[in-house]
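The values are calculated or read from the model by the stated rules, or taken from the named source; none is laboratory data. Values in this document were obtained by computation on a predicted structure and should not be read as measured data. All Cβ positions, even for glycine, are placed from backbone atoms using ideal geometry, and neighbour counts span all protein chains on display. These area figures cover heavy atoms from the full protein model, side chains too; ligands, DNA and RNA do not enter into them. Shrake-Rupley method; radii C 1.70, N 1.55, O 1.52, S 1.80 Å.
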Amino acid sequence: MPARTLAARPGRWLWTCRAGFEAHLFEELEWAGAEPRLLGEALVESDAVSGPPPAFARAGYQVAATLTATNPEAIADAAARAVLALPGRTPWAVQAFTPDTPRGNALAPVAEALESAVSARLPAERRIEDAQRAREAGALLVSLCVAPDEVTVVGAVHAREAVSLAAGGRRRMRRAGDAPSRAAMKLEEALDGLAFEPGRGDVCVDLGAAPGGWTQRLVSRGAKVVAVDPARLMPELTGNPRVKHVQESAFAYAPDEPADWLFCDMAWRPLEVAQLLAKWGRRGWAQHLVANIKLPMKDKNPILLRVRHTLGQEGGWEGLTVRQLYHDRDEVTVTAHKMK
Ligand SMILES: C[S@@+](CC[C@H](N)C(=O)[O-])C[C@H]1O[C@@H](n2cnc3c(N)ncnc32)[C@H](O)[C@@H]1O
């Protein structure tokens, strides 16, 4: 790790990740031939990536300028100038974030103040208030990364191509009063990025469902859930007419009829889980897939490569996305669908 945060080079891409996962992100970018460089904790720079975005990147954008001034007014002036110099006349939504590390998080008030100061310096007619609206409008997400050691990186990404619409990919899902676990927030974050969501009347199969955080969220959306897990579900789910608990291994289970959605959060070996999900894909047992894949091993990328291959080539799952979400720890979340 560099002793001080390094300046990102204009034209390259800045990626941010979960602290401690820099080496995994670096390796992915290296394998993609994007010539990565570690800039500091939770920050990696690289050339543009032509294939799927790296799974371990929470967010990424193309660098316009790195500012090293210390005076907040001077930084805001220079950042606004850099934004105004971006090519084209596309409108923007402005977001500031810090690397998600203790030193970075201490700068959160600085980032918040910079976001307001830069927004106030930009012409109101080109400004869009939030990232979701920027995506709908085909606008840019202007990103300001406020990093330790007086490094501020200004740049932008098309909102429709952004890995995440949340600043720095830090998509905090509020803990719902009735949600039992972090697991429920993982599910909500995964669903947040999808074009379709499970809804009223949809049939969902939830593999590795216990104690029931995902099942509970799906039921509250009006779906019917087959919860497959040898372990017990929380009592409030067991009497629910829209929940059927199949108390057996997911490897032994076969659905009576195809489901709309397949969910999987099984605490089990990733390659075996991928093979199980591929079987569901091949047999057309579900239309949409959301799966959390556990990666407790040191060497994560070779496993991820095989998981991608198994799901896509052997399972026929399409539109595969693989991302370490904000709420994911030693794990990634996969989404995919089958063509009708
Ligand atoms: C992380 S927990 C799932 C949490 C759940 N998504 C929730 O929201 O409450 C992992 C679950 O995988 C289950 N599991 C492990 N091996 C399994 C298998 N072969 N078949 C079904 N479930 C399995 C475990 O019993 C455990 O309940």
Q: May I ask you to verify whether Ala117 is assigned to a helix (DSSP H, G or I) and crowded, with 24+ Cβ neighbours inside 10 Å?
A: no
**Q.** Only listed residue being at pLDDT below 95, touching a strand residue (DSSP E or B) at 6+ places or on another chain (Cβ under 8 Å) and of a type in the set (Ser, Thr, Tyr), chosen from Thr5, Thr68, Thr98
**A.** Thr68
Q. Out of the stretch 222-235, which residues are touching a residue at least 24 places away in the same chain (Cβ under 8 Å) and more than 15 Å from Ala210 (Cα to Cα)?
A. Ala223
**Q.** Members of the stretch 254-272 found to be within 7 Å of the ligand (Cβ to nearest atom) and surrounded by fewer than 22 Cβ atoms within 10 Å (Cβ to Cβ), listed by number
**A.** Ala267, Trp268
Q: Name the residue, out of Ala210, Ala183, Ala147, that is more than 19 Å from Ala65 (Cβ to Cβ) and in contact (Cβ under 8 Å) with a residue 40 or more places away in the chain.
A: Ala183
Q: Scan the stretch 159-180 and give yes if some residue there is part of a helix (DSSP H, G or I), of a type in the set (Asp, Glu) and closer than 28 Å to Ser50 by Cα, otherwise no.
A: yes
**Q.** the stretch 236-253, residues that are within 16 Å of Gly208 (Cβ to Cβ) and open to solvent by 40 Å² or more (accessible area, probe 1.4 Å)
**A.** Lys244, His245, Gln247, Glu248, Ser249, Phe251, Ala252
Q: Go through the stretch 211-253 residue by residue and tally those that are charged (D, E, K, R) and more than 11 Å from the ligand (Cβ to nearest atom).
A: 5
Q: Taking the options Val219, Val205, Val225, name whichever one is farther than 21 Å from Ser164 by Cβ and touching an Asp or Glu at 6+ places or on another chain (Cβ under 6 Å).
A: Val225
Q.
Take the conditions touching a Lys or Arg at 6+ places or on another chain (Cβ under 7 Å) and in contact (Cβ under 8 Å) with a residue 24 or more places away in the chain and apply them to Pro270. Does it pass?
A. yes
